[in-house]
1. Specify which of the listed residues (36, 57) is among the small types (Gly, Ala, Ser), under 16 Å from residue 155 (Cβ atoms) and buried (at least 19 other Cβ atoms within 10 Å of the Cβ).
2. Kindly establish whether residue 127 is open to solvent by 70 Å² or more (accessible area, probe 1.4 Å) and either of a type in the set (D, E, K, R) or touching a helix residue (DSSP H, G or I) at 6+ places or on another chain (Cβ under 8 Å) (or both).
3. Test residue 50 against the criterion of being β-branched (Val, Ile, Thr), outside any strand (DSSP E or B) and surrounded by fewer than 18 Cβ atoms within 10 Å (Cβ to Cβ), and give yes or no.
Amino acid sequence: MTIKITTTKNYIFIISLITLLLAYTNSFAQALEVSGNNTVITNGDTTPSTIDFTDFGTVPNGNKFSRSFILKNTGSSSLVFTTSSPAPVVISGTGAARFSITTSVIVTSNTLTANTYTIIEISFNPNTTSGTSTATVTLNSNNLTDSSFTFDIKGTAAASVASNFTKTIL
């Protein structure tokens with residue numbers, strides 16, 4: 001498409017038309033919003049917090065603790081999560097082995113239509129080593145502005161608490 005600009009008035013009109021077309025096009029885009037504990041998590045967040053459930057707190061070794069995250073398409077067109085490589089939800093990083101996706105609806109239904117949501121549950125599974133583990137969660141989709149949405153998660157493993165209870169059979 002070629003546009004010929006001959007006067008200042010035409011130039012202003014064309015710029016206004018282009019601005020309007022860009023706004024119209026973007027209004028149909030998909031937009032992924034992620035939240036934990038009713039708190040929106042920013043794409044690229046590297047500071048896990050107990051407020052948005054990205055910090056799982058301290059969990060005794062051998063126990064499992066889960067947090068739910070809401071994935072919402074706030075756009076006006078369908079948001080499609082990848083179905084092959086890369087996976088729709090990836091947990092990576094040095095502490096990734098201690099985290100797992102417990103429940104994920106997007107593994108079986110990979111499309112979120114406009115203004116709908118799904119829930120994923122991520123578990124922190126400390127083993128026998130105490131200490132803090134961190135990992136990065138990546139959500140892969142067809143989002144035009146952010147095809148990979150990432151945020152960091154953290155959990156601290158503590159020594160198991162010994163029980164002073166004895167089993168008595170009556």
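The values are calculated or read from the model by the stated rules, or taken from the named source; none is laboratory data. It should be emphasised that the depicted structure is a prediction, and the values quoted were computed from it without experimental measurement. As a convention, Cβ positions derive from the backbone with ideal geometry for all residues, glycine included, and neighbour counts pool all protein chains shown. All accessible areas refer to the heavy atoms of the entire protein, side chains included, with ligands and DNA or RNA removed. Shrake-Rupley method; radii C 1.70, N 1.55, O 1.52, S 1.80 Å.
1. Working: 57 fails: buried (at least 19 other Cβ atoms within 10 Å of the Cβ).
Unique residue meeting the criteria: 36.
2. yes
3. Details: β-branched (Val, Ile, Thr): yes; outside any strand (DSSP E or B): yes; surrounded by fewer than 18 Cβ atoms within 10 Å (Cβ to Cβ): yes.
So residue 50 fits the description; yes.
The rows are residues; the columns are (1) open to solvent by 50 Å² or more (accessible area, probe 1.4 Å); (2) modelled with pLDDT under 80.
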site: 87; (1), (2): no, no
site: 95; (1), (2): no, no
site: 111; (1), (2): yes, no
site: 114; (1), (2): no, no
site: 133; (1), (2): no, no
site: 138; (1), (2): no, no
site: 153; (1), (2): no, no
site: 167; (1), (2): yes, yes
